[in-house]
Amino acid sequence: MCRNLEVLYALFMLTFKKLSDKDNVSPVQHISRGFMLQTPAASEIQASLKTKGVRREDIKTALDLKSFIEKLDFSFFPQASAPIRILHRLSRITKGVRAAYIHPRVKNATDSYVIFAPALHKRLEKEKSECTLLLKNKGGEFILAESTKHIPPICMIAALAAHEVRHRVQQHFKPKLFDPKSLSERNPSDLLSNAVCVATLLIEEIRKSCKQRKERKHVMQMMTCRKELDALVIEITALHIFYQSHSIEKLIPLIRAGISQAV
Ligand SMILES: [Zn+2]
């Protein structure tokens with residue numbers, strides 16, 4: 001699914017600001033020891049966003065995304081669910097961001113997710129024409145769908161939730177990341193293998209675009225790093241799986257991919 005540069009840049013800005021190399025606490029201890037903020041109830045969020053002028057369709061989309069993130073996050077972190085904030089405003093930096101996972105490496109701080117509600121529905125609708133859906137043809141090979149306009153927004157929401165939760169899984173379970181080098185050759189009937197190819201091409205496009213825009217080196221690295229490629233592979237694959245099954249549970253084994261220990 002295409003990322004636009006603003007999204008990645010803003011995501012980078014959100015996380016980079018809080019990075020510190022001095023944190024020696026193990027990540028899993030870190031999240032369980034940190035004081036845990038509670039995610040407010042959906043009805044409370046709904047009322048609050050409504051009074052702040054967020055449109056009904058955006059509130060619904062944000063709450064659907066929140067619910068998917070919660071379900072997926074709980075599967076991996078039942079003892080330390082990360083709170084989810086839904087913001088009603090976009091800043092210059094967060095313009096274009098749909099959601100983000102934040103891991104502040106500061107003692108006693110906790111992981112969290114952020115969802116940016118303004119125009120979320122409209123933005124997802126717009127992105128439908130750019131997103132990547134792989135479908136099996138009669139010969140059993142995966143091919144790019146000719147049109148993605150018909151994809152229900154709920155599929156994109158599920159895929160986005162999988163992307164963000166995979167980032168938290170990357171942080172705490174250190175899975176073996178998907179990587180173009182891990183593919184000896186593309187297997188035309190394997191969804192993940194195809195998703196790796198597509199994600200690699202998308203990351204390459206982002207890299208080119210960064211160069212054209214003369215983006216700073218560390219920003220470009222953040223936007224095109226292996227973790228981002230890996231999360232993109234998960235997102236593309238999740239879109240396909242959810243489109244076929246409409247089951248959020250079916251995304252759990254996918255997000256678990258590459259973890260050596262049982263979770
Ligand atoms: Zn990401």
When His163 is run through (1) under 27 Å from Glu57 (Cα atoms); (2) in contact with a helix residue (DSSP H, G or I) (Cβ under 6 Å, 6 or more places away or on another chain); (3) more than 16 Å from the ligand (Cβ to nearest atom), the failure sits at (3)
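Here is a yes/no grid of residues against (1) surrounded by 20 or more Cβ atoms within 10 Å (Cβ to Cβ); (2) polar (S, T, N, Q); (3) in contact with a strand residue (DSSP E or B) (Cβ under 8 Å, 6 or more places away or on another chain):
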{"residue": "Ile154", "(1), (2), (3)": "no, no, no"}
{"residue": "Ala162", "(1), (2), (3)": "yes, no, no"}
{"residue": "Gln170", "(1), (2), (3)": "yes, yes, no"}
{"residue": "Glu185", "(1), (2), (3)": "no, no, no"}
{"residue": "Leu191", "(1), (2), (3)": "no, no, yes"}
{"residue": "Thr200", "(1), (2), (3)": "no, yes, no"}
{"residue": "Lys211", "(1), (2), (3)": "no, no, no"}
- Test result for Lys176, touching a residue at least 24 places away in the same chain (Cβ under 8 Å), away from the ligand (no atom under 16 Å from the Cβ) and either part of a helix (DSSP H, G or I) or within 16 Å of Val196 (Cα to Cα) (or both): yes
Suppose the filter is among the polar types (S, T, N, Q) and surrounded by fewer than 21 Cβ atoms within 10 Å (Cβ to Cβ); does Thr132 pass it?
no
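Among Ala100, Ala117, Ala158, Ala109, which is in contact with a Gly (Cβ under 7 Å, 6 or more places away or on another chain) and not β-branched (Val, Ile, Thr)?
Result: Ala109 is the single residue among Ala100, Ala117, Ala158, Ala109 that is in contact with a Gly (Cβ under 7 Å, 6 or more places away or on another chain) and not β-branched (Val, Ile, Thr).
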Checked against (1) within 16 Å of the ligand (Cβ to nearest atom); (2) modelled with pLDDT under 95, Lys95 satisfies every condition except (1)
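The values are calculated or read from the model by the stated rules, or taken from the named source; none is laboratory data. This structure is a prediction, so every number in the text was calculated from the model and none was measured. Glycine also receives a Cβ, built like all others from the backbone with ideal geometry; neighbour counts cover every protein chain displayed.
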